[in-house]
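A quick write-up on the structure given underneath.
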Amino acid sequence: LPGLIVLDTGKDFSTFGQLVILILLQCGGLGIMTMSTMFAFLVGKRISLRQRLIMQESLNQFSIGGLVRLAKYILIFTAVIEVVGAIILFFCWQKIYSPLQALYLAVFHSISAFCNAGFSLFSDSIMRYKGDLIINLTFVVLIILGGIGFLVLLELFQYGKNGALSLHAKLALKISLILILIGFIIIFFIESNNPSTLGDLNFPEKIYGSIFQSVTARTAGFNTIHIGSMQNATLFLIIILMFIGASPSSTGGGI
């Protein structure tokens with residue numbers, strides 16, 4: 001789900017079309033097998049052995065034991081994170097838009113950010129909010145939580161019980177942090193004097209923009225500064241970050 005579009009999602013699609021896009025990106029973020037498991041729960045259907053084997057492969061598990069419970073955790077984590085994100089965005093936007101419109105925008109962008117989809121109902125992505133700390137931070141946290149992987153989220157949730165993280169979780173967290181820091185530093189220093197991107201912004205906005213682009217480049221596709229105006233070195237960095245992508249069993253793609 002890279003967020004690449006040939007039509008303006010907010011202007012060229014009806015509300016129904018936008019809802020279809022929202023459902024599709026939610027399915028893509030969770031994975032088809034997790035979604036099918038959810039529907040099986042709702043109708044009270046048993047999960048077959050074949051479905052469990054497919055889930056085992058899609059979630060990178062070594063055995064089929066506990067897969068249904070894992071799918072339940074994934075659905076719960078997703079619902080809680082997206083609802084919290086939507087609530088925060090709603091309170092940011094309810095000062096600007098009507099309550100119903102603010103709620104719609106908040107839900108759409110919370111799901112899009114957590115699923116690392118990059119779809120926005122604003123024509124300029126998130127560029128109009130490049131100076132808003134809360135909106136920037138909310139998007140960044142949603143993208144990171146979606147990108148580190150459901151298995152890592154589960155381990156973090158159970159950290160107090162188990163007392164230790166697996167090698168996979170440690171690698172996912174450390175590499176994500178390293179890539180974000182490297183991307184932030186390079187983008188900040190290369191683009192700080194570019195008047196078409198960060199050059200005309202104040203210092204806090206330069207920090208917000210650099211961190212946001214470092215996080216979103218790997219998996220999501222949102223932007224708060226103009227991508228086409230970036231220096232070639234920055235674009236090359238973004239290509240590398242996109243190629244690396246997100247962690248296994250996450251809502252994002254990559255190697």
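The values are calculated or read from the model by the stated rules, or taken from the named source; none is laboratory data. Since we're looking at a predicted model, the values are computed, not measured. Neighbour counts are summed over all protein chains in view; Cβ atoms, including those assigned to glycine, are modelled from backbone coordinates with ideal geometry.
If you go through the range 234-251 and keep only what is part of a loop (DSSP other than H, G, I, E, B) and either of a type in the set (Val, Ile, Thr) or buried (at least 23 other Cβ atoms within 10 Å of the Cβ) (or both), you end up with Ala246, Ser247, Ser250, Thr251. Looking across the range 159-186, just one residue is at pLDDT 85 or above, charged (D, E, K, R) and either farther than 24 Å from Ala113 by Cβ or surrounded by 13 or more Cβ atoms within 10 Å (Cβ to Cβ) (or both), and that is Lys170. The residue that is surrounded by the most Cβ atoms within 10 Å (Cβ to Cβ), among those in the range 2-22 that are at pLDDT 90 or above and among the aliphatic types (A, V, I, L, M), is Leu22. Of all residues in the range 113-148 being closer than 15 Å to Ser250 by Cβ and not aliphatic (A, V, I, L, M), which is farthest from the chain's Cα centre (by Cα)? Per the criteria, the residue is Gly118.
Taking the range 122-158 as the range and being crowded, with 16+ Cβ neighbours inside 10 Å, modelled with pLDDT under 90 and out of contact with any Phe, Trp or Tyr (no Cβ under 6 Å at 6 or more places or on another chain) as the test, the residues that pass are Gly147, Ile148, Gly149, Phe150, Leu151, Val152, Glu155. Give the residues of the range 106-161 that are assigned to a loop (DSSP other than H, G, I, E, B) and among the charged types (D, E, K, R), sorted by residue number. Scanning the range 106-161 gives Asp124, Lys130, Asp132. The condition (being under 15 Å from Ser250 (Cβ atoms) and either among the hydrophobic types (A, V, I, L, M, F, W, C) or in a helix (DSSP H, G or I) (or both)) is satisfied by just one residue among Leu165, Leu181, Leu173: Leu173.
So which residues in the range 200-209 are assigned to a helix (DSSP H, G or I), of a type outside the set (Lys, Arg) and without any contact (Cβ under 8 Å) to a residue 24 or more places away in the chain? Before you say what the answer is, go through the steps one by one.
Our first condition is that a residue be assigned to a helix (DSSP H, G or I); within the range 200-209, this holds for 203-209.
Right, trim to of a type outside the set (Lys, Arg) and you get 203-205, 207-209.
Once the filter is applied, which keeps residues that are assigned to a helix (DSSP H, G or I), of a type outside the set (Lys, Arg) and without any contact (Cβ under 8 Å) to a residue 24 or more places away in the chain, the range 200-209 yields Phe203, Ile207.
Determine whether the range 149-160 contains at least one residue that is under 13 Å from Ser214 (Cα atoms), within 18 Å of the chain's Cα centre (by Cα) and not hydrophobic (A, V, I, L, M, F, W, C).
From the range 149-160, those under 13 Å from Ser214 (Cα atoms) are none; that's our starting set.
Taking every residue of the range 149-160 in turn, none turns out to be under 13 Å from Ser214 (Cα atoms), within 18 Å of the chain's Cα centre (by Cα) and not hydrophobic (A, V, I, L, M, F, W, C).
For first residues located in the range 113-133 and of a type in the set (D, E, K, R), partners that are buried (at least 21 other Cβ atoms within 10 Å of the Cβ) and lie 6+ apart or on another chain with Cβ distances below 7 Å form the pairs Lys130/Tyr208; Lys130/Gly209; Lys130/Thr224; Lys130/Ile225.
(1) closer than 23 Å to Ser210 by Cα; (2) touching a residue at least 12 places away in the same chain (Cβ under 8 Å); (3) surrounded by fewer than 23 Cβ atoms within 10 Å (Cβ to Cβ): which one isn't true of Phe189, the others all being true? Only one criterion in (1) closer than 23 Å to Ser210 by Cα; (2) touching a residue at least 12 places away in the same chain (Cβ under 8 Å); (3) surrounded by fewer than 23 Cβ atoms within 10 Å (Cβ to Cβ) is unmet by Phe189, namely (2).
For the range 210-233, filtering for residues that are crowded, with 22+ Cβ neighbours inside 10 Å, more than 19 Å from Ser112 (Cα to Cα) and either in contact (Cβ under 8 Å) with a residue 60 or more places away in the chain or not polar (S, T, N, Q) (or both) leaves 1.
Screening Gly183, Gly118 for residues that are under 30 Å from Val20 (Cα atoms) and of a type in the set (Gly, Ala, Ser) leaves exactly one candidate, Gly118.
Residues considered: Thr197, Thr216, Thr224. Of these, the only one that is among the hydroxyl-bearing types (Ser, Thr, Tyr), under 28 Å from Gly131 (Cα atoms), part of a loop (DSSP other than H, G, I, E, B) and out of contact with any Asp or Glu (no Cβ under 8 Å at 6 or more places or on another chain) is Thr224.
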